[in-house]
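A short worksheet on the structure shown next.
The values are calculated or read from the model by the stated rules, or taken from the named source; none is laboratory data. These numbers come from a predicted model, not from an experiment. For neighbour counting, all protein chains shown are included, and Cβ atoms are generated from backbone atoms with ideal geometry for every residue, glycine included.
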Amino acid sequence: MTVASVSSDDKKIGVIAFATNKTKNKDAFVVFNKSAKPASVEMKITGTVSREFSVFRTSNNENYKELPGLSAKNGTITYRCPPNSVTTFFGK
């Protein structure tokens, strides 16, 4: 597994991504909302064959809670981040 290239145009939204790199681990990316306000983010998904993602979130009142999965539509996922949250997306 290796760190993949990823960026955010919003300094209150942090992101990091990991590529399988020929391991048994799944492609994954993590979105951090460092703001005290909710934020809507649009993520362009490239460099993976995954188009469906399992989603897990930690926030002020959740601890690694599994959420309904999300699918990329036209290579894009739109996600609303709660305030002060960390959300992990795993490729299926």
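Hey, among the residues in the range 42-51 that are over 11 Å from the mean Cα position of the chain (by Cα) and either of a type in the set (Val, Ile, Thr) or in a strand (DSSP E or B) (or both), which one's nearest to Met1 (Cα to Cα)?
Ranking the candidates gives Thr48 first.
Is it true that some residue in the range 77-84 is among the β-branched types (Val, Ile, Thr), touching a strand residue (DSSP E or B) at 6+ places or on another chain (Cβ under 8 Å), within 18 Å of Asp9 (Cα to Cα) and at pLDDT below 95?
Checked against the condition, which is being among the β-branched types (Val, Ile, Thr), touching a strand residue (DSSP E or B) at 6+ places or on another chain (Cβ under 8 Å), within 18 Å of Asp9 (Cα to Cα) and at pLDDT below 95, the range 77-84 yields at least one hit.
Among the listed residues Lys24, Lys12, Lys44, identify the single one that is over 16 Å from Thr88 (Cα atoms) and either surrounded by 14 or more Cβ atoms within 10 Å (Cβ to Cβ) or in contact (Cβ under 8 Å) with a residue 24 or more places away in the chain (or both).
Result: Lys12 is the single residue among Lys24, Lys12, Lys44 that is over 16 Å from Thr88 (Cα atoms) and either surrounded by 14 or more Cβ atoms within 10 Å (Cβ to Cβ) or in contact (Cβ under 8 Å) with a residue 24 or more places away in the chain (or both).
Taking the criterion of being under 16 Å from Lys92 (Cβ atoms), of a type in the set (Ser, Thr, Tyr) and free of Cβ contacts under 8 Å to residues at least 60 places away in the same chain, would at least one residue in the range 59-68 satisfy it?
no
On the basis of being part of a loop (DSSP other than H, G, I, E, B) and modelled with pLDDT under 95, does Lys26 make the cut?
When the stated conditions are applied, Lys26 passes them.
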